[in-house]
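Worksheet: the structure to be examined is printed underneath.
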Amino acid sequence: MKESLNNIKQWIKNINWQTNLYLILSPILSIYVIYYYSTNQLFKWETILLAIFMWFASGMAITVGYHRYFSHRSYKTKKWIEYLYVFFGTSAMEMSIAEWAYDHRNHHRYTDTEKDPYSIKKGFWYAHISWLFTNRGTEGGKTEMDFKKISDLWKDPFIRFQYKYFTLFAIFSAFIFPGMIASLWGDFWGGVLIAGLVRSVIVHHGTFSINSVCHMIGKRPYSLEESARDSWISALLTFGEGYHNFHHKFPGDYRNAIRFWQYDPSKWFIWTLSKLGLSWDLHRTPQERILQAKWEVWEQTLQQKNINLSSEMLTSIKQKFFELVDQISKLRKEYESSYENKKEILNQKIKELQDTYKNFVKLIKHSIDESIYA
């Protein structure tokens, strides 16, 4: 009996009550707020526009700021842009940059293992939200912060300030700030509740869907080694973050979606900043590495289907493909020192590599069809 009581006390002690209360009560309150404002016709179009702006600003600050900039350092930007990322990212109510980046880097370092802070192996709802319910360093909770692992971030005094005063900073940026703006048209509480509370819940569950949905539903065209998947539905909710299989294979790339028709406004935003001179050193994974990853997935898929890969034509295409990969890699090194002379040759080789990959895909699809109808 005494041991059971001690276990209950320890369980209660482990709970992060502040986070739990907000994550549980905020959706309930948001539903009530929407109902109350609808039935009493309290919505103002100015406040709705403000809520859309805050949703965009806070959501994008998470994707292009917390994630692609602070966590992965996939590009560089101006200091005042960083400050905007910090301010609007804080309004998303998703922890400080130091904590967010620390957990996310561990997620990539230990994906699908016990050390993964939001491992899908522990269940959909654990990965989606319940991993946040316990305190750091407790049983079932996230690991204690090791600031050496985020030393590049921790040396920034503004990030340390945000970490130390996160709760006060978040209350101001998430609620008081939109409330003050909405006061300009006499709707302070609309700003607090609609552009603050309701908007934060929408941003939360968009972000959370990457940890849950994108590790369970979707395709894996770039790697079969991890659970991460590409989900265009999640991409729509998260400003392009849904192409998660590509991201896990190439985490340093400033893009999540690489096809022109794939929805990734975060990529377009960063690219636009670069054209305005506000961002630079955008990291792009070389095309040959991407095609090589897709090639390996096809080979693994064929092996799983017990389809013979030793045909003369397949062997010939494979040999040509990897010869081209080696040639392009060498050309890239020469390209850095002799830009104009090597640019045309490099582009020709990449085009040849793409054509070889397409021929390979056609051939293996034909092989799969033959194996099915044999």
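No value in this document is a laboratory result; all are computed from the given coordinates. Quick caveat, the model's predicted, so the values are computed rather than measured. Note that we place each Cβ from the backbone using ideal geometry, even for glycine, and neighbour counts take in every protein chain shown.
Worth pointing out:
- DSSP-loop trypsin sites (Lys or Arg not before Pro) across the stretch 153-221, with at most 13 other Cβ within 10 angstrom: LYS155
- Neighbour counts of C-beta atoms inside 10 Å place GLU352, GLU323, GLU94, GLU241 in the sequence GLU323, GLU352, GLU94, GLU241, starting with the fewest.
- Taking 0.36 nm per residue of sequence separation and removing the Cα-Cα distance, the LEU21/THR39 pair yields an extension gain of 3.8 nm.
- Cβ-based charge dipole, the stretch 2-280, positive-most Cα from GLY186, TYR75, THR90: TYR75
- Long-range amide H partners of ILE15 with built H, under 5 Å: ASN135
- Available extension along the chain between GLU114 and ASN347 is 79.5 nm, counting 0.36 nm per residue and deducting the alpha carbon span.
- Rounded if a/c under 1.5, otherwise prolate or oblate - the stretch 132-256, Cα gyration tensor axes: oblate
- Alpha-carbon centroids, the stretch 48-96 and the stretch 205-238: separation in whole Å: 21 Å
- Residues LEU276, LEU132, sorted so that the one with the fewest Cβ neighbours within 10 Å comes first: LEU276, LEU132
- Simple spin-label estimate for ILE217 and MET145 in nanometres, 7 Å along Cα-Cβ: 3.4 nm
- In a reduced charge model with +1 at each Lys and Arg Cβ and -1 at each Asp and Glu Cβ, the stretch 2-280 shows a dipole moment near 500 debye about its Cα centre.
- Exceeding the 28 Å Cα-Cα cut-off - candidates LYS149/LYS351; LYS142/LYS249; LYS76/LYS149; LYS115/LYS318: LYS149/LYS351; LYS115/LYS318
- Gap separating the Cα centres of the stretch 99-172 and the stretch 262-292, nearest whole Å: 26 Å
- Among THR143, THR134, THR301, residue whose mean-square fluctuation peaks in a GNM of the chain (springs only between Cα atoms under 10 Å): THR301
- Order of ARG136, ARG68 - criterion: other Cβ atoms within 10 Å of each residue's Cβ, fewest first: ARG136, ARG68
- In a DSSP loop and with at most 10 other Cβ atoms within 10 Å, the chymotrypsin sites (Phe, Trp or Tyr not before Pro) in the stretch 242-283 are PHE260, TRP261.
- Cα gyration tensor category, rounded, prolate or oblate, for the stretch 216-265 with a/c compared to 1.5: oblate
- The stretch 2-280: C-alpha gyration tensor shape, a/c 1.5 cut-off, then a/b vs b/c: rounded
- Of the GluC sites (Glu not before Pro) found in the stretch 95-175, the ones in coil according to DSSP and having at most 14 other Cβ atoms within 10 Å of their Cβ are GLU114, GLU139, GLU144.
- Mean-square fluctuations from a GNM of the chain, with a 10 angstrom spring cutoff on Cα atoms, peak among TYR32, TYR118, TYR75 at TYR32.
- Relative to the Cα centre, the charge distribution of the stretch 132-225, modelled as +1 at Lys and Arg Cβ and -1 at Asp and Glu Cβ, gives a dipole magnitude of about 160 debye.
- Once both labels are positioned 7 Å from their Cα atoms along Cα-to-Cβ, the gap between ARG259 and LYS318 label points is 2.6 nm.
- FRET efficiency, 1/(1 + (r/R0)^6) with R0 41 Å, evaluated for TRP280 and LYS305 via beta carbons: 0.35
- Each residue, PHE53 and ILE171, gets one label point 7 Å from its Cα in the Cβ direction; the gap between the two is 2.5 nm.
- The chain: angle of helix 265-275 to the longest principal axis, Cα-based, in degrees nearest 10: 80 degrees
- Listed residues LEU314, LEU291, LEU29, most fluctuating in the chain (Gaussian network, C-alpha, under 10 Å): LEU314
- Top positive-direction residue, dipole computed over the stretch 239-314 with Cβ charges, set GLN287, TRP271, HIS247: TRP271
- Theoretical gain in end-to-end length, LYS330 to ARG73 [0.36 nm per residue, Cα-Cα removed]: 89.9 nm
- Computed on the stretch 213-307, with alpha-carbon pairs under 8 angstrom and 6+ residues apart, the relative contact order is 23 percent.
- The chain, relative contact order [Cα under 8 Å, separation at least 6], %: 16 percent
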